[in-house]
Amino acid sequence: MTPSELLHSPRPLAPEKFSDPNITAKGETRASVGFGGLATLWVNTGTLCNITCVNCYIESSPRNDRLAYLSAAELSERLDEAATLGAPLREVGFTGGEPFLNRDLPAMVRDVLSRGLQAMVLTNAMKPMRNHAAAILALAAEYGAALTLRVSLDHHEAGPHDAERGAGSFAQAVDGLVWLARNGVDTHVAGRAGFGDAGEATMRSGYRRLFEQHDIPIDVDDPIALTLFPEMDATADVPEITTACWRILGKSPNSMMCASSRMLVKRRGADKPAYVACTLLPYDPQFELGATLAEASRPVALNHRHCATFCVLGGAACSR
């Protein structure tokens, strides 16, 4: 069975799977990923969002504030710690929720860029982003391609995109993309690979037509400029990843996101932020690794379905 077939298995997930961080349901040694140093820091700016998507893995919405707004001062302290520890940090990614709802976002982005790091902001390119138009243009003018905005555009047609994100959201997102393009802001797009039987080549061709129609200069053949993420079906059965899988699949644990990245979150009511293993696992307590980068610099057991579907079998990564 191929990784693709495993990812699209119709069977429900067995309840005994992903229950023990060390041993799989079959009694095999579960795979883990060692930490090789922080190259990418993800910052969850808060789970509030201006829209509610059908399959949002983090359940962002106008009412979900389980992850509170992170402040510029809190991020600055963590960047200082990373520098003190000599972390090989090169990029900071901002995610949410919708990051542009956090009023501190422009200050946080400027702090990152002023340190000689790259910054990437994930956005739906709708009204919250346009409310920060002046700040975006100022940062882009000063720092150029060191700043990238990654726009979530689930499909190259309005119907499938709006079915996920709400009526009219496609038109607003495309309008935001056109605005970014006309103003020379470095822009990427994140789509989804799981729409019906459409293969990757078909999806990329569709995005090519859309971008050409609107003069949006994104290379659809570049897997970073146009990232097509695998689906994360919460009901389908997926295999647990064992130590033997690295050899069977021809993959290295060093290529997994959690080998070189962590995400900073601030839980509602918490006194201070904490580090979690990755962007996909903000709520599961077993993946909260500590309040400092030093504490969070430890191995991660691949004890979650997303570890299999998104990272190991899906081959995806959130950073560029």
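Quick look at the numbers
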| read-out | value |
| --- | --- |
| Any hit, region 206-221, residues being exposed (fewer than 13 other Cβ atoms within 10 Å of the Cβ), modelled with pLDDT under 95 and among the acidic types (Asp, Glu) | no |
| Residue identified as surrounded by fewer than 16 Cβ atoms within 10 Å (Cβ to Cβ) and either acidic (Asp, Glu) or more than 19 Å from Leu153 (Cα to Cα) (or both) among Ala140, Ala135, Ala119 | Ala135 |
| Of all residues making up region 143-155, the number that are more than 17 Å from Leu105 (Cα to Cα) and surrounded by 20 or more Cβ atoms within 10 Å (Cβ to Cβ) | 4 |
| Conditions (1) closer than 29 Å to Arg192 by Cα; (2) over 17 Å from the mean Cα position of the chain (by Cα); (3) surrounded by 15 or more Cβ atoms within 10 Å (Cβ to Cβ): number failed by Leu79 | (1) |
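The rows are residues; the columns are (1) assigned to a loop (DSSP other than H, G, I, E, B); (2) of a type in the set (D, E, K, R); (3) modelled with pLDDT of 95 or more.
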{"site": "Phe35", "(1), (2), (3)": "yes, no, yes"}
{"site": "Trp42", "(1), (2), (3)": "no, no, yes"}
{"site": "Cys53", "(1), (2), (3)": "yes, no, no"}
{"site": "Tyr69", "(1), (2), (3)": "yes, no, yes"}
{"site": "Glu74", "(1), (2), (3)": "no, yes, yes"}
{"site": "Glu77", "(1), (2), (3)": "no, yes, yes"}
{"site": "Pro88", "(1), (2), (3)": "yes, no, yes"}
{"site": "Gly97", "(1), (2), (3)": "yes, no, yes"}
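The values are calculated or read from the model by the stated rules, or taken from the named source; none is laboratory data. From a predicted model like this one, the values you see are computed outputs, not experimental measurements. Here Cβ is always computed from backbone atoms with ideal geometry, including for glycine, and neighbour counts include all displayed protein chains.
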